[in-house]
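One structure below.
The values are calculated or read from the model by the stated rules, or taken from the named source; none is laboratory data. Only a predicted model underlies this, so the values are computations on that prediction, with no experimental measurement involved. Please note: Cβ atoms are built from the backbone with ideal geometry, for glycine as well, and neighbour counts cover all protein chains shown. When the accessible area is computed, the model is the full protein with side chains, heavy atoms only, and any ligands, DNA or RNA have been set aside. Shrake-Rupley method; radii C 1.70, N 1.55, O 1.52, S 1.80 Å.
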Amino acid sequence: MENKKTSEEILSAYMNHLLKAGSRPASVYAFAKELEMEEAEFYKHFGSFEALEKAVFKAFFDQSMQLLDKNKAYHDFDAKNKVIAFYYTFFEVLKANRSYVLLALNDQKDKLKVLASLSELKKAFTAYIDGLEIETPKLPHEKIEKFKARSLKESAWAQLLFTLRFWIEDTSPDLEKTDVFIEKSVNTAFALLDATTLNSVFDLGKFLYHEKIMSN
């Protein structure tokens, strides 16, 4: 049975299987049969279903970056507006695949499994943040500077995870509350890098408090 598939075709077929069946295929062999290809063809692209699931979220990131790259205005943005543009674009890509994302990530029993499926996304996203060369207050010691750079990337990743959780729980029309949250949270994050004002923090706090009260 000679039927070669691209990585993209295998990813798409896997997502469709998960959405229809509600769970992984019984085995790589069974999945390969669905695609009418040899089992070995699967392993040319992915070492396991776990590796494939990581690749799905990396593919969402790549698609977002491709869309941003086509936007001429994006290249002239400062770091903050590039991050905001990324968020809006990334979550539009997720919205187009919301059923899959909810199925893949809304696992309350196995948080480590959820984080593992996002590991390739984390590598790509933190590299993206690092490449923006976001300006931060200079600190006098070299080791502190290196720690600050790592902290910035980890904080940015934590913020993306927090936004992802907000998006998963968002039930507003067209997920419009997530758009509000993105703007407020990114503005707050950048405000904390170069200012002592707590206005943005207070604004974000009011928004989250209101959402908590309204949801109860």
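Rounded to whole Hz and in sequence order, give me ³J(HN,Hα) for the range 78-93 from the Karplus expression 6.51 cos²θ - 1.76 cosθ + 1.60, θ = phi - 60°, writing x for Gly and Pro.
Result, rounded to whole Hz: 6, 4, 4, 6, 5, 5, 4, 4, 4, 4, 4, 5, 4, 6, 5, 5.
Past 26 Å, Cα to Cα: identify those pairs from 54/82; 33/95; 5/72, in the order given. The partial results should precede the final answer.
Values: 54/82 24 Å; 33/95 30 Å; 5/72 33 Å.
From the list (54/82; 33/95; 5/72), the Cα-Cα distance tops 26 Å for 33/95; 5/72.
First compute the accessible area of the range 1-119 with a 1.4 Å probe, then give the percent of it belonging to carbon and sulfur atoms.
51 percent
Considering only protein heavy atoms, what per residue accessible area in square angstrom results for the range 90-134 with a 1.4 angstrom probe? The partial results should precede the final answer.
Working: 2380 Å² over 45 residues.
For the range 90-134, the per-residue accessible area is 53 Å².
For the range 46-53, just list the computed ³J(HN,Hα) in residue order, Karplus coefficients 6.51, -1.76 and 1.60, θ = phi - 60°, integers in Hz, with x standing in for Gly and Pro.
With the stated coefficients, the range 46-53 comes to 9, x, 5, 5, 4, 5, 5, 5 Hz.
Largest first, how would 155, 172, 7 line up by accessible area (1.4 Å probe)?
These residues rank, largest area first, as 155, 7, 172.
Using the alpha carbon gyration tensor of the range 89-129, what are the three equivalent-ellipsoid semi-axes (square root of 5 times each eigenvalue), largest first, in whole Å? Intermediate values should be presented prior to the final figure.
On the way: eigenvalues 69, 54, 6 Å².
One finds semi-axes of 19, 16, 6 Å for the range 89-129.
Going by a ≥ b ≥ c, the root eigenvalues of the Cα gyration tensor, does the range 14-74 fall in the rounded group (a/c under 1.5), the prolate group (a/b larger than b/c) or the oblate group?
prolate
Rounded to the nearest 20 debye, what is the charge dipole size of the range 1-81 about its Cα centre when +1 sits on each Lys and Arg Cβ and -1 on each Asp and Glu Cβ?
Value, rounded to 20: 220 debye.
Using only Cα atoms, what is the ratio of the radius of gyration of the range 55-99 to 2.2 N^0.38 Å?
This ratio for the range 55-99 stands at 1.15.
How much length is gained if the chain between residue 95 and residue 8 is pulled fully straight, taking 0.36 nm per residue apart and subtracting their Cα-Cα distance, in nm to one decimal?
29.4 nm
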